[in-house]
Amino acid sequence: MDTILQQLVNGLSLGSIYALLALGYTMVYGIIKLINFAHGDIYMVGAFWGYYVINQLHFNFWLALISAMIFCGLFGVLVEWLAYRPLRNSPRIAALITAIGVSFLLENGMAYLFTSNVRSFPQVMHVVRYHLGGVSISNIQLLILVVSIVLMVLLQLIVRKTKMGKAMRAVSVDPEAAQLIGINIDHTISFTFALGSALAGAAGVMIGLYYNSIDPLMGMTPGIKAFVAAVLGGIGLIPGAAIGGFVIGLLETIMQALGFSAFKDAAVYAVLIIILLIKPAGILGKKIKEKV
Amino acid sequence: MKKNLKYNLTWLVLMVVGFVLINVLEFGGIIDALGEQTLVTIGINIILATGLNLIIGFSGQFSLGHAGFMAIGAYVCALITTSIATPMGMVIGMIAGAAVSALVALIVGIPTLRLDGDYLAIATMGVAEIIRIILNNLKITNGPAGLYNIPLLATWPVVYIMVCLTTLLIVNLIHSRDGRAIMSVRENEIASESMGVNTTKWKVIAFVVGAATAAIGGALHANYIQTIAPTDFGIMNSINILIIVVLGGIGSITGTFVAAAVLGVLDLVLQNFGTLRMVIYSLALILLMVFKPSGLLGTRELSIRKIFNKFGHSKQKGDA
């Protein structure tokens, strides 16, 4: 029982990182139908930003987290403006290849500037482990879980309660109609990228602290997993991304606990395929009937 | 019939001339070892990318799992050729690899091809990753270390012949009645279904043929590089093949040839740049896509028939 609870705790903290990343994927996909392959690399940029501000400017954790969110938000807007905006009306696959190109550029550009060595992330927080019964949870795990949940709630509030959120939802339903009623599509899309990238930046700093190592290629695998999470939950849906992230995090830790760590990724993909076959639009997605 | 014979003969002559030309250049020392390596890589990439182009460009199904089928072909052929290290073994290996890969594609394709667009892409990516993880954990495939000491059977002429054969197969498929059925699925699934086209069947056929050619590409890769490991067939490899298809123009086989050649030469030129190489490569990719979103050739094809017709017309005009 204790081991199950322990794995639950580990799975939830890993899952919340996937969920934060998946939110960025799902928002961008919802609004411009683009699989933003570079999203995982924005998370890597966030981790490197955290590394530098903590080491060079001696920021504390919270300052590093917030500055990384702001920096990554701006960075995401810049990427959208430079690479994706010119392709707004092109075939979707061209935009997808551009996103892959941006991902390659960020990975290799960072490897060129900072070498591809693995660096150890500065430990700004003293690790304290709390023992509740047989379950041990570190303050960092707790922090990841709490910060992620707070950010997700904030995001939901922004999307549901603010004017900009309303505009985002309108653009994702029908961009042309949204433009007709006076919504500035460019601003709305930029704002979406800012939000998604800020969440990725936060995830980057937290994962650096949790795993204690960062490198320019660290965004690749979590990026793909987070995208899988977004699809699993129902892409375009914010609660779906959160659920998908937690499901994948839990699944991975459970497989690891059962001694099948070599097959943990295979299990993730197998579950994904099975769910897509049963519910082709993901766990929360609704299948829209195609009309002629 | 006679008319087609003319075009077919022209193509055959072009293929033979290309083969002889490259051999002459090689004997003359103009193409060195590095050049030959580039040519073989380009050839293998053409085989892989034409198969993917059939799936993405002609049947309109977005697959991100090409490297998985490539891996099946590579492993099956490598295992066969290590025990039968003769050209005959290579032939058996390629056929067996293509057969296994086609079978897996059939099993995977029937359920997953009901999905559309990005859902299919992510499902096929998942399939490819599952294949890779299984290869990573099997005893017969030697786990993460992979297979080595595979005999060098995929020499330059073998690759050239296979490029010609697979391209012929795919181009003929596209230009047949079946090919038109496949393309009608891409254009409008509902419309083609109402015209009596069995859309699921044609989607699966395109997927299976694409997977079989991917296996041939993988087999050649294994017997040229001589070592293979599961990491050679990850998501990034599927993406690299996808890049060739999109860069050349989705739905243009000629474009695939051009893009594979351009990328191969670019790779050769950038060899000296070290870490900067991939930075330049990715920048080139982004700029090409931003300024030419439909790919280098769009959907245009090189057609001997059109050239002949044009030639014929201008002569007629001259006569009149």
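In terms of distances greater than 31 angstrom between alpha carbons, the cross-link table entries B:K201/B:K310; A:K225/A:K286; A:K33/B:K310 yield B:K201/B:K310; A:K33/B:K310. Neighbour counting of Cβ atoms within 10 Å sorts the residues B:S83, B:S63, fewest neighbours leading, into B:S83, B:S63. Couplings for region A:86-102, taken from phi via the Karplus curve 6.51 cos²θ - 1.76 cosθ + 1.60 with θ = phi - 60°, read x, 9, 3, 9, 8, x, 4, 5, 5, 5, 5, 5, 4, 4, 5, x, 5 Hz in order; Gly and Pro are left as x.
Residue order for A:D215, B:D32, fewest other beta carbons within 10 angstrom first, comes to B:D32, A:D215. Any chance you could give the angle, 0 to 90 degrees and rounded to 10, that helix A:61-79 forms with the longest Cα principal axis of chain A? Helix A:61-79 and the main axis of chain A meet at about 30 degrees. Charge dipole of region B:166-301 (Cα centre as origin; +1 on each Lys and Arg Cβ, -1 on each Asp and Glu Cβ, all else neutral): 120 debye, rounded to the nearest 20. A Cβ-based charge dipole, computed about the Cα centre of the protein assembly as shown with Lys and Arg at +1 and Asp and Glu at -1, lands at about 1560 debye. For A:I248, neighbours were defined as the other residues whose beta-carbon sits under 11 Å from its Cβ, and their charges (Lys and Arg +1, Asp and Glu -1) total 0.
Between the listed residues B:G196, B:A123, B:L247, the Cα displaced farthest toward the positive end of the dipole of chain B, a dipole computed from Cβ unit charges relative to the Cα centre, is found at B:G196. Across region B:95-239, the fraction of Cα-Cα pairs farther apart than 20 Å, rounded to a whole number, is 56%.
Viscosity 0.890 mPa s, temperature 25 °C: give me the Stokes-Einstein translational D for chain A in µm²/s, with Rh taken as the Kirkwood radius over C-alpha pairs. It diffuses with D of about 126 µm²/s by this estimate. Hydrodynamic estimate: the Kirkwood radius of the protein assembly as shown over Cα pairs, inserted into Stokes-Einstein at 4 °C and 1.567 mPa s, corresponds to D of 50 µm²/s.
The distance from the alpha carbon centre of region A:143-207 to that of region A:243-278 is 28 Å, rounded to a whole number. The dipole here belongs to region B:40-319: it is taken about the Cα centre, uses +1 on the Cβ of Lys and Arg and -1 on the Cβ of Asp and Glu, and is about 580 debye. Set against the 2.2 N^0.38 Å expectation for a compact globular protein, region B:40-319 has a Cα radius of gyration ratio of 1.03.
Every number in this text was worked out from the coordinates using simple rules, so none of it is lab data. Here the structure is a predicted model, which means the values were calculated and not measured. When we count neighbours, we look across all protein chains shown, and the Cβ atoms used for this are built from the backbone with ideal geometry, even at glycine.
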